[in-house]
1. Out of 296, 292, 276, 271, report the one residue that is assigned to a helix (DSSP H, G or I), at pLDDT below 75 and open to solvent by less than 40 Å² (accessible area, probe 1.4 Å).
2. Within the range 74-101, track down each residue that is aliphatic (A, V, I, L, M), closer than 10 Å to residue 167 by Cα and under 24 Å from the mean Cα position of the chain (by Cα).
3. Is it the case that the range 111-134 has a residue that's surrounded by fewer than 16 Cβ atoms within 10 Å (Cβ to Cβ) and closer than 11 Å to residue 51 by Cα?
4. Please work out if residue 262 is touching a Leu at 6+ places or on another chain (Cβ under 8 Å), modelled with pLDDT of 70 or more and basic (Lys, Arg).
5. Failed condition for residue 76, given (1) over 25 Å from residue 231 (Cα atoms); (2) among the small types (Gly, Ala, Ser); (3) open to solvent by 50 Å² or more (accessible area, probe 1.4 Å), with all others met?
6. Is there any pair linking a residue in the range 127-155 that is over 17 Å from residue 182 (Cβ atoms) to one that is open to solvent by 70 Å² or more (accessible area, probe 1.4 Å) and among the basic types (Lys, Arg), with Cβ under 7 Å and at least six apart or on different chains, and which?
7. Looking only at the range 279-289, count every residue that is surrounded by 18 or more Cβ atoms within 10 Å (Cβ to Cβ) and closer than 29 Å to residue 71 by Cβ and tell me the total.
8. Given the options 97, 40, 52, name the one that is among the aromatic types (Phe, Trp, Tyr), open to solvent by less than 60 Å² (accessible area, probe 1.4 Å) and out of contact with any Phe, Trp or Tyr (no Cβ under 8 Å at 6 or more places or on another chain).
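The values are calculated or read from the model by the stated rules, or taken from the named source; none is laboratory data. Here the structure is a predicted model, which means the values were calculated and not measured. Here the Cβ positions follow ideal geometry from the backbone for every residue, glycine too, while neighbour counts run over all protein chains shown. With ligands, DNA and RNA removed, areas are computed over all heavy atoms of the protein, side chains included. Shrake-Rupley method; radii C 1.70, N 1.55, O 1.52, S 1.80 Å.
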Amino acid sequence: MAANSSLVSDAFLVGNIKVIFAQVLVLVFLCINLLLIVIYFKKECFHTTARYVLFAVTLLSDSLLLFMSDLLLILAHFHLLVQVWMCILISFLTLLYFTVTPVTLTAMTLERYVAICMPLRHAELCSTRSTMACILIIHCISSVPCIVILSTFFASASLSFYKDQRICTVEVFMLHAWQDHIRSAISQFYFLIMCIIIIFSYAKIMKVAKAASGENKKSTQKGLRTVALHSFQLLLCLIQLWCPFIEVAIFKIDSKLFEHIRYFNYIVFRLAPRCLSPLIYGLRDDMFFRALKNSLLSHKRNLI
């Protein structure tokens, strides 16, 4: 009995440490994102450049997703039950912005492709009006998986089910095996399309990089590195699409292992990709880095 009590106590302690560690990471990333969002809105020159507008979309998307996913983590850890209809509202935003970031990264990769491989048409294709239309298209594309998952749930669930108290996870909406198959098919389709776009853009930019010289070569090489970082970030986001299916398979084998794997996936494939956006455009980009530096120095002078 004492041994069992000790094991339960140790498991509870480890669980609390995991949650606290996640809270620290989320808080740090949210603060960094908030700082960069403030700098973006303070500088009007960023509002007319496609890559900075899309960068702001990823920051806002990542921040909202961090907050919502952290809320779900806390609810699950403390076994707090919510009514299914409330879980639908939370899950709608989470599922939507779960997809917005990888789709936006794909759009940013295409913007770099146009800037380097089609420089004469860049101003036309990546104008402010086109960028606003692109943001609308990104959200429409990103809403498709969410709408499909929830539509299949609405078609299958009884009215009384909406008042049930459940731990809020996406699995709540998977009432039948065929719903999992549909979600899997959509995830694989998105994975394939995004991979094709990334590989195509990288190959074209690499071809231009080899033929470029002087300043053009330096600019192209930088664009190539940016696309490479986008590819790595997008890879982490796309692997996340497969995580639910891996977790379901592990859950059938060992529930304890399932908890560890799910936490690992949350940190590596949900949180980690969200910290790369500030690095790619917040620190590597000369214009944004100068604006960040000037803002921090100005704030420091005001404090003195």
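1. 276
2. Hits for the range 74-101 are 75, 76.
3. Yes: one or more hits.
4. No; evaluated as a whole, the condition is false for this residue.
5. In the conditions (1) over 25 Å from residue 231 (Cα atoms); (2) among the small types (Gly, Ala, Ser); (3) open to solvent by 50 Å² or more (accessible area, probe 1.4 Å), residue 76 misses (3) alone.
6. The qualifying pairs do not exist here.
7. Going through the range 279-289 one residue at a time, the tally reaches 3.
8. Result: 97 is the single residue among 97, 40, 52 that is among the aromatic types (Phe, Trp, Tyr), open to solvent by less than 60 Å² (accessible area, probe 1.4 Å) and out of contact with any Phe, Trp or Tyr (no Cβ under 8 Å at 6 or more places or on another chain).
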